[in-house]
Amino acid sequence: DDLLDVLFDVQTYNTRWNGLHIECAAANDTTTVFKFDRPDNANDIDTTIKRCSIEYGDIHVHTFGRGLQFSDNEVVGANDTSIVLDWNPDYVSNGQSNDQLGTAQRAYTITQIRSHGNNMLVRNTGTFRSYIANILMSDIQADTGGGIFQGVLNHSLINNAHCHYHAVAQEPYELWAGSKWSHITNFTISGYRDFGSPEIDRTPNRAIYL
């Protein structure tokens, strides 16, 4: 259903998803496949998505809390972004030291990913972007289209990302103000250009935009 807003509206925590194949229509620019949002300001999401294939739709995973393990997955053709990191706009701390601004927003692991033709793989651009931290991204194979990360990168690591882009890519990495104490290491960014007939131009605009 191309008009479906959310496929899996998950309002609990510690869920496990394994071995699913989910395919939206290629023109779908509406559906969020997984939405994780706890009621009553509960912040623990702690979900695991492994060995899944998610194709098309607007957003593949939109999480409004901490704890995401997204591993050994194939993500294809997200119209907006494959994974959006966000936080409950009505957040109130539970009073514990690990649930304050700067300590609550943590624990996002995204590894062993084939990213194919997504507009963007991971985005952290919401209201709480400066507090969301502890992002680990590694072993990314991005073969066509889109970027790897957009937004604030805080206390985080991106490692082993191999990117071969075509012309829809503007910046594979777009780091916003507030990014700090992070590393992007052991990566490649490449394109392809052939001045033959027809001319082929599949090159990124800029490698890293600050």
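The values are calculated or read from the model by the stated rules, or taken from the named source; none is laboratory data. Being a predicted model, the structure only gives us computed values, none of them experimental. Because the Cβ atoms are built from the backbone with ideal geometry, glycine has one as well, and the counts that use them run over all protein chains shown. Ligands, DNA and RNA are excluded from the accessible area calculation, which covers all protein heavy atoms including side chains. Shrake-Rupley method; radii C 1.70, N 1.55, O 1.52, S 1.80 Å.
For residues that are part of a strand (DSSP E or B) and hydroxyl-bearing (Ser, Thr, Tyr), scanning just the range 173-196, find the one that is surrounded by the fewest Cβ atoms within 10 Å (Cβ to Cβ). Don't jump to the end; show me each part of the working.
Taking the range 173-196 and keeping what is part of a strand (DSSP E or B), we get 173-175, 180, 183-190, 192-194.
Subset that is hydroxyl-bearing (Ser, Thr, Tyr): 173, 185, 188, 190, 192.
Working: 173: 22, 185: 10, 188: 12, 190: 13, 192: 12.
By that ranking, first place goes to 185.
Give the residue that is nearest to residue 117 (Cα to Cα), with candidates limited to residues of the range 191-210 that are small (Gly, Ala, Ser) and touching a residue at least 24 places away in the same chain (Cβ under 8 Å).
Here is the first cut: in the range 191-210, the residues small (Gly, Ala, Ser) are 191, 196-197, 207.
Subsequent filtering for residues that are touching a residue at least 24 places away in the same chain (Cβ under 8 Å) retains 191, 207.
On the way: 191: 14, 207: 17 Å.
Only one residue tops the list, namely 191.
In the range 141-170, how many residues are assigned to a strand (DSSP E or B) and modelled with pLDDT of 95 or more? Walk me through it before giving the result.
The initial filter retains those residues of the range 141-170 that are assigned to a strand (DSSP E or B), namely 141-144, 147-151, 154, 157-164.
With the extra rule that they be modelled with pLDDT of 95 or more, the set shrinks to 149-151, 154, 157-160.
So the count comes out to 8.
Looking only at the range 65-74, count every residue that is under 25 Å from residue 41 (Cβ atoms) and either more than 13 Å from the chain's Cα centre (by Cα) or open to solvent by less than 10 Å² (accessible area, probe 1.4 Å) (or both) and tell me the total. Lay out the reasoning, then the answer.
If we filter the range 65-74 for residues that are under 25 Å from residue 41 (Cβ atoms), which is where we start, we get 65-70.
Add one more test, that the residue is either more than 13 Å from the chain's Cα centre (by Cα) or open to solvent by less than 10 Å² (accessible area, probe 1.4 Å) (or both), and what stays is 65-68, 70.
Final tally of qualifying residues: 5.
Residue by residue, here is whether (1) of a type in the set (Gly, Ala, Ser); (2) in contact (Cβ under 8 Å) with a residue 40 or more places away in the chain holds:
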residue	(1), (2)
104	yes, yes
120	no, yes
123	no, yes
136	no, no
143	no, no
171	no, no
184	no, no
189	no, no
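Return the residues of the range 116-138 that are crowded, with 24+ Cβ neighbours inside 10 Å, modelled with pLDDT under 95 and either charged (D, E, K, R) or part of a strand (DSSP E or B) (or both); say none if nothing qualifies.
120
The rows are residues; the columns are (1) within 17 Å of the chain's Cα centre (by Cα); (2) farther than 18 Å from residue 85 by Cα; (3) open to solvent by less than 40 Å² (accessible area, probe 1.4 Å).
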{"site": "142", "(1), (2), (3)": "yes, yes, yes"}
{"site": "148", "(1), (2), (3)": "yes, no, yes"}
{"site": "160", "(1), (2), (3)": "yes, yes, no"}
{"site": "171", "(1), (2), (3)": "yes, yes, yes"}
{"site": "198", "(1), (2), (3)": "no, yes, no"}
{"site": "206", "(1), (2), (3)": "no, yes, no"}
{"site": "209", "(1), (2), (3)": "no, yes, no"}
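Does at least one position in the range 100-109 carry a residue that is touching a strand residue (DSSP E or B) at 6+ places or on another chain (Cβ under 8 Å), open to solvent by 20 Å² or more (accessible area, probe 1.4 Å), under 17 Å from residue 208 (Cβ atoms) and of a type in the set (Ser, Thr, Tyr)?
Taking the range 100-109 first, the residues touching a strand residue (DSSP E or B) at 6+ places or on another chain (Cβ under 8 Å) are 104-109.
Pick out the ones that are also open to solvent by 20 Å² or more (accessible area, probe 1.4 Å) and you get 106-107, 109.
Imposing the further condition that a residue be under 17 Å from residue 208 (Cβ atoms) reduces the set to none.
The answer is no, given that none of the residues of the range 100-109 is touching a strand residue (DSSP E or B) at 6+ places or on another chain (Cβ under 8 Å), open to solvent by 20 Å² or more (accessible area, probe 1.4 Å), under 17 Å from residue 208 (Cβ atoms) and of a type in the set (Ser, Thr, Tyr).
What about residue 91, is it in contact (Cβ under 8 Å) with a residue 12 or more places away in the chain, buried (at least 16 other Cβ atoms within 10 Å of the Cβ) and in contact with a Phe, Trp or Tyr (Cβ under 9 Å, 6 or more places away or on another chain)?
Working: in contact (Cβ under 8 Å) with a residue 12 or more places away in the chain: yes; buried (at least 16 other Cβ atoms within 10 Å of the Cβ): yes; in contact with a Phe, Trp or Tyr (Cβ under 9 Å, 6 or more places away or on another chain): yes.
The answer is yes for residue 91.
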